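What follows is a short report on a single structure.
Computed from the coordinates by the stated procedures, all read-outs in this text should not be read as laboratory data. This one's a predicted model, so the numbers in the text were calculated from it and none came from an experiment. Backbone-built Cβ (ideal geometry, glycine too); neighbour counts: all protein chains shown.
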Amino acid sequence: EAGVTQFPSHSVIEKGQTVTLRCDPISGHDNLYWYRRVMGKEIKFLLHFVKESKQDESGMPNNRFLAERTGGTYSTLKVQPAELEDSGVYFCASSLRGFSGNTIYFGEGSWLTVV
Amino acid sequence: GQNIDQPTEMTATEGAIVQINCTYQTSGFNGLFWYQQHAGEAPTFLSYNVLDGLEEKGRFSSFLSRSKGYSYLLLKELQMKDSASYLCAVSPGGTGRRALTFGSGTRLQVQP
């Protein structure tokens, strides 16, 4: 079974440009999460989808970030326009419906460098 | 607010036992996770504790004390491949909220 896959694995863009990150969760996982780790800091929550609905977007830093999950399958995270402080690793994770200690599986991350 | 503390770095010897501590202060509690992360790879789930006590899974065990806001990850019979970062994460809970709050991670170096 395929795990959580993310694309691209690495991206280098200039300040002011747009980048779109994609996440394909594990098949059948209703819950999809985006997290981010900037250099030297801890992994921080961005938002949580349940199917196509945004359950919690309290971690989104500002309106330059837009996440979508049309159809409740894969998700995209767009950064527009990108700023230098957006550099970091963007992790996607997924889990089955319900909580009760269900394992949350992470992708390998999309490394974003804004220059 | 949410606060999770764990040591930044630890060093241990192959074959030995190491304990990685994690203390937390969160506005709610719905479980504590431990993840292992090798450089450039995805965090890999190790354990989940929601009740007090010890959960054992092979060479790895995790302990939780909710009253003390304290957990530890115990690694036995250390192997070189156990060199990695170990992430403590808490689910603060709340209606519909399943976000994890992570600590900064403990970088473990296993030496021969």
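Some observations on this one:
- Inter-chain Cβ neighbour count for A:33-43, averaged per residue, equals 3 (cutoff 10 Å, partner chain atoms only).
- Taken along the Cα-to-beta-carbon direction at a fixed 7 Å, the label points for B:Glu9 and A:Glu14 span 3.8 nm.
- Among A:Val79, B:Val90, the order by Cβ neighbours within 10 angstrom, fewest to most, reads A:Val79, B:Val90.
- Chain A, relative contact order [Cα under 8 Å, separation at least 6], %: 37
- Remark: A:Lys54, B:Lys81 ranked as B:Lys81, A:Lys54, counting other beta-carbon atoms within 10 Å and listing the fewest first.
- For region A:30-115, diffusion coefficient by Stokes-Einstein and Kirkwood Rh (Cα), 37 °C, 0.692 mPa s, µm²/s: 246
- Hydrodynamic radius by Kirkwood, which averages 1/r over all alpha carbon pairs of region A:1-65, in angstrom: 13.6
- Approximating the spin labels as points 7 Å out from Cα along Cα→Cβ, the A:Asn62-to-A:Ala2 distance works out to 3.5 nm.
- Neighbour counting of Cβ atoms within 10 Å sorts the residues B:Asp5, A:Asp24, fewest neighbours leading, into B:Asp5, A:Asp24.
- Relative contact order %, chain B, counting alpha carbon pairs below 8 Å whose residues are six or more apart: 36
- What the Cα atoms of chain B give is an Rg and a Dmax of 13.6, 47 Å.
- Pairwise label distance in nanometres, B:Lys57 with B:His38, each label 7 Å out on the Cα-Cβ vector: 1.8
- Gap separating the Cα centres of region A:9-46 and region A:53-87, nearest whole Å: 8
- Lysines with Cα under 28 Å of A:Lys54, excluding same-chain neighbours fewer than 8 positions away: A:Lys15, A:Lys41, A:Lys44, A:Lys78
- Charge context of B:Gln25, other residues only, Cβ under 15 angstrom, K/R +1, D/E -1: 0
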